[in-house]
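**Q** Attaching a single structure in structure tokens format; questions to follow.
The values are calculated or read from the model by the stated rules, or taken from the named source; none is laboratory data. As the structure is a computational prediction, the values presented were derived from the model and not from experiment. In this analysis, Cβ positions are derived from the backbone assuming ideal geometry, glycine residues included, and neighbour counts consider all displayed protein chains.
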Amino acid sequence: MKIFLGFVILSVLSNGIHVEGSVEIDAMLKRLNKPAVKTIYSEDGDIIDCVDIYKQPAFDHPLLKNHKIQMKPSVMLASDEEPENRKPSSSKMTVSQTWREAGDCPEGTVPILRVTREDITRASNASWFGRKAPYMASKNPDNFRLLADGTRTPRPKDRSEAFVVTVGSNYIASKSDMSVWNPSVEASDFTTSQIWMQNGPGDDFDSVEAGWAVNPDLFRDSRTRLFGYWTSDGYKTTGCFNLLCSGFVQIGKAFALGAPIKDVSVGDKQFQITVRLGKDSIGNNWWLKVGDERVGYWPGSLFTYLTHSATLVQWGGQVYSPNVRKTPHTKTQMGSGADWSRFWDTAAFHTNFRVQNTTHLFMKYPEDLTEFADEYDCYSTKLYREDPDAGFYFYFGGSGQNPRCP
Ligand SMILES: *[C@@H]1O[C@H](CO)[C@@H](O)[C@H](O)[C@H]1NC(C)=O
Ligand SMILES: *[C@@H]1O[C@H](CO)[C@@H](O)[C@H](O)[C@H]1NC(C)=O
């Protein structure tokens, strides 16, 4: 509580007053940046600290004081495709991050993106550093969020989303292959391509999320970065991006959450990443896999509703901005910045989406999919397949402000 008040003061100070050396920033940096066994200086300017796996930020969490680290998921989660659907060629989409060219982390450590003093002072709201803003319900009665039980609740007023959603089962895993782009984003906004898995009532739900994001308010540039996100109270007081609060337990050495993805699509030269979220019956931990690599997990003890299963799985994009649902609309783009009508030419997509429920042995194509766009003229959607034997593609995104979205 004391620290929280400190940050409130800090964020007032940061509107122009010199805060360097402030006690609050020092305390925050100390909490986020654990002592490094080795430090890797990436040519793109990022600093990656290799931190002892037992000394990472997660273990500061009061619920994780006696947490027994799980080094790998149990067998069930590992077999995540029906054997006949496993395509060796398509699973060989290699994805890498730029910092890997400058070195690797030693055994027993995990790569964590260092937070700098500039990151915190630059953030538009330092007391909220690393977090999505809480849902502030839109007053427009036409705007609803679909709930797991099929009912609707008001949509948040500062986010615009375009997604395909499945509800009506108890999901324990999901995946998709998503194309990676670098849409342009206004300074205080962010844009994502992501998977969401959620459970819980209207304003108090659990959510685990992962994909890529462009978030210049949080990072020091507009590059496309890998992210994970969690909350256990509908974004109100818990959770954060990546390892920017205690929660996520990193296990793998191949990826640093928050670091840029090396290969980003340009025109018809396109790149995809495979993202998987899945709950392990041991500890009810929610694992994140990228490509074939296990990144780590959100421990089951963080959650109330997700300890059993998710009741909603969503694939698509999110734009956060104070200037959505408004005129003039933000120019922040979603996906590639192109709308669905460009199809695979230049529109962003998710494909090979799969879910696994508590009775499935493997991942399956979801039974019911519903398309949704908050502002169709700004960020559109299209679930499409070329012929009945082909797999579905979910095209989404757009330019934000344009003649139809003034
Ligand atoms: C920071 O953001 C939070 C959540 O949106 C809000 O409650 C708080 O008032 C903001 N603080 C400042 C100083 O803007
Ligand atoms: C899992 O999905 C199958 C259909 O694929 C359905 O028949 C079954 O009832 C579902 N199980 C649960 C627990 O929802």
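**Q** Take PHE362 and decide whether it is away from ligand 2 (no atom under 16 Å from the Cβ) and either at pLDDT 95 or above or over 18 Å from the mean Cα position of the chain (by Cα) (or both).
**A** Working: away from ligand 2 (no atom under 16 Å from the Cβ): no; either at pLDDT 95 or above or over 18 Å from the mean Cα position of the chain (by Cα) (or both): yes.
No.
**Q** Of GLN250, GLN272, which residue is within 24 Å of TYR379 (Cβ to Cβ), touching a strand residue (DSSP E or B) at 6+ places or on another chain (Cβ under 6 Å) and polar (S, T, N, Q)? Step through it out loud before you land on a result.
**A** Details: GLN250 fails: within 24 Å of TYR379 (Cβ to Cβ).
Only one candidate qualifies: GLN272.
**Q** Name the residue, out of SER91, SER124, that is modelled with pLDDT under 95, in a helix (DSSP H, G or I) and surrounded by fewer than 19 Cβ atoms within 10 Å (Cβ to Cβ).
**A** Just a single option satisfies the conditions, and that option is SER91.
**Q** Separate question: Checking the conditions here, which among PHE271, PHE248 is buried (at least 24 other Cβ atoms within 10 Å of the Cβ) and of a type in the set (A, V, I, L, M, F, W, C)?
**A** Result: PHE248 is the single residue among PHE271, PHE248 that is buried (at least 24 other Cβ atoms within 10 Å of the Cβ) and of a type in the set (A, V, I, L, M, F, W, C).
**Q** Of all residues in segment 374-406, which are of a type in the set (Gly, Ala, Ser) and either within 16 Å of ligand 1 (Cβ to nearest atom) or crowded, with 18+ Cβ neighbours inside 10 Å (or both)?
**A** Of everything in segment 374-406, those that are of a type in the set (Gly, Ala, Ser) and either within 16 Å of ligand 1 (Cβ to nearest atom) or crowded, with 18+ Cβ neighbours inside 10 Å (or both) turn out to be SER380, GLY397, GLY398, SER399, GLY400.
**Q** Identify the residue in segment 328-356 that is over 21 Å from the mean Cα position of the chain (by Cα) and modelled with pLDDT under 95 and, among all such residues, is surrounded by the most Cβ atoms within 10 Å (Cβ to Cβ).
**A** ASP339
**Q** For segment 365-374: of the residues being modelled with pLDDT of 90 or more, within 16 Å of ligand 2 (Cβ to nearest atom) and not hydrophobic (A, V, I, L, M, F, W, C), which is farthest from PHE271 (Cα to Cα)?
**A** Applying the filter and picking the extreme gives PRO366.
**Q** Now, a different point. Give the residue that is modelled with the lowest pLDDT, with candidates limited to residues of segment 31-51 that are of a type outside the set (Val, Ile, Thr) and more than 24 Å from the chain's Cα centre (by Cα). Explain how you work it out, then say what you get.
**A** Initially, segment 31-51 is screened for residues of a type outside the set (Val, Ile, Thr), giving 31-36, 38, 41-46, 49-50.
This time we only want the ones that are more than 24 Å from the chain's Cα centre (by Cα), so: 35-36, 38, 41, 43.
Details: PRO35: 97, ALA36: 98, LYS38: 98, TYR41: 97, GLU43: 93.
Only one residue tops the list, namely GLU43.
**Q** Might you check whether a residue that is touching a residue at least 40 places away in the same chain (Cβ under 8 Å) and within 16 Å of ligand 2 (Cβ to nearest atom) occurs anywhere in segment 328-339?
**A** Narrowing segment 328-339 to residues touching a residue at least 40 places away in the same chain (Cβ under 8 Å): 328-339.
After this cut, where a residue has to be within 16 Å of ligand 2 (Cβ to nearest atom) as well, the list is none.
No: segment 328-339 contains no residue that is touching a residue at least 40 places away in the same chain (Cβ under 8 Å) and within 16 Å of ligand 2 (Cβ to nearest atom).
**Q** Let me ask you something else. Which strands (runs of 3 or more DSSP E) sit wholly inside segment 164-272 and have at least 2 residues that are modelled with pLDDT of 95 or more and among the small types (Gly, Ala, Ser)?
**A** Counting at least 2 such residues, we get 206-214.
**Q** Could you identify the single residue in ASP142, ASP158, ASP104, ASP149 that is at pLDDT 90 or above, more than 16 Å from ligand 1 (Cβ to nearest atom) and acidic (Asp, Glu)? Before you say what the answer is, go through the steps one by one.
**A** Values: ASP142 fails: at pLDDT 90 or above; ASP158 fails: more than 16 Å from ligand 1 (Cβ to nearest atom); ASP149 fails: at pLDDT 90 or above.
ASP104 is the lone residue from the list that is at pLDDT 90 or above, more than 16 Å from ligand 1 (Cβ to nearest atom) and acidic (Asp, Glu).
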